[in-house]
Amino acid sequence: MFIENRKNELIYMTSDRIPARHAFTTRFGGVSTGYLASLNLGEHRGDAPENVRENYRRAGGILGVGADDFVISKQVHKTEVRVCSAADRHTVNTDVTYEANGLVTSVRALPLMIFIADCVPVLLHDPAAGVAAAVHCGWRSSVGDILGEAVRKMTALGARPEDIRAAIGPSIGFDHFEVGPEVPEAVTAYLSGDTDGLFRSEANGKTLVDLRGANARRLAQLGVLPENVDVSAECTMCSPDKYWSHRVTGGVRGSQCAMIILD
Ligand SMILES: [Zn+2]
């Protein structure tokens, strides 16, 4: 179950399936103004650097860390998953040297952060082994099997699929992810045909795809137990006041994040 939390002016979501400190942020609780109001965590969205830094400081407050403690990455729509160490901590408003669409760590007190604005954020946590991951699942990285890559890297650090908890956060919903034939075709190949209930045909010839459901299906194929997977019911396009939506804003927007830290 996803829960809405309030801390000062911040509003953020958590899942009761993940025992580690974590959060899916919303637009609420930051200092940015205009089209970036108010909790923008994107450093390349046209925001004032001092506003971005204050927003990171506030986001860090959710996990009990500082603005410059996070590990982030240059996100691309590929399937690169980086195993992170303390050397990867990012100083706000400086360049990140590496590309990755997913972050994995077994290092304690090292917060991982990925950015989203319609794409599907997935947080993974094996509390027994002490391994966490934050994964950015757009449709291209999803069908490229970034979740398989993340689970393999977690397993290499000692995690076991049957111990992994997963939270699939607020993102574009089944009702809004309208696509041409290439997406359902790719999802069908990705899931080896196990797509019952994930597609809905529309009168205009397009197809609606349940991208969160597809990622949940893939986690089951990877050995993650269904009872350990939590799926948010919130659609970013249906709630543009609460969440940044790339499609609703035409790309003129800030970024929210999903973050997790091991105790
Ligand atoms: Zn929607």
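Throughout, read-outs are computed from the coordinates displayed, never taken from laboratory work. Predicted model, so just to flag it, every value in this text is computed and none were measured. All Cβ positions, even for glycine, are placed from backbone atoms using ideal geometry, and neighbour counts span all protein chains on display.
Observations, loosely collected:
- Under a 5 Å amide H cut-off, with hydrogens placed 1.01 Å from N, Arg82 pairs with Asn101, Gly102, Leu103, Val104 among residues at least 5 apart or on other chains.
- Residues in the range 214-251 reached by a label modelled at Glu178 [backbone nitrogen below 18 Å; 7 Å Cα→Cβ]: 235-240, 245-251
- Amide hydrogen proximity for Arg165: with H placed 1.01 Å from N in the peptide plane, the residues at 5 or more positions away or on another chain lying under 5 Å are His125, Asp126.
- Cα shape, the range 81-173, gyration tensor, a/c 1.5 rule: oblate
- The Arg160 and Glu185 beta-carbon pair, evaluated with R₀ = 35 Å, returns a calculated FRET efficiency of approximately 0.60.
- Within the listed set Pro170, Pro121, Pro181, the Gaussian network model of the chain (springs between alpha-carbon atoms below 10 Å) gives the highest mean-square fluctuation for Pro181.
- Partner lysines whose Cα lies under 18 Å from the Cα of Lys7, excluding those fewer than 8 positions away in the same chain, are identified as Lys242.
- Across the chain, the fraction of Cα-Cα pairs farther apart than 27 Å, rounded to a whole number, is 31%.
- Under the Karplus curve 6.51 cos²θ - 1.76 cosθ + 1.60, θ = phi - 60°, whole-Hz ³J(HN,Hα) for the range 117-129, x wherever Gly or Pro sits: 7, 2, 4, 8, x, 10, 9, 10, 8, 9, x, 6, 8
- Using C-alpha pairs under 8 Å with a sequence gap of at least 6, the mean separation divided by the residue count of the range 207-263 gives a relative contact order of 17 percent.
- Likely footprinting exposure, Cys257, Cys137, fewest C-beta neighbours within 10 Å first: Cys257, Cys137
- Cα-based shape type of the range 136-186, given that a ≥ b ≥ c are square roots of the gyration tensor eigenvalues and the cut on a/c is 1.5: prolate
- Between the range 49-86 and the range 138-204, the alpha-carbon center distance in angstrom: 24
- The per residue volume of the convex hull around the alpha-carbon atoms of the range 30-141 is 103 Å³.
- Per-residue ³J(HN,Hα) for the range 210-227, Karplus 6.51 cos²θ - 1.76 cosθ + 1.60, θ = phi - 60°, Hz, x for Gly and Pro: 8, 5, 5, x, 5, 5, 5, 4, 5, 4, 4, 5, 7, x, 7, 6, x, 6
- Of the residues Thr195, Thr33, Thr94, the one that moves most in a GNM of the chain with alpha-carbon contacts below 10 Å is Thr94.
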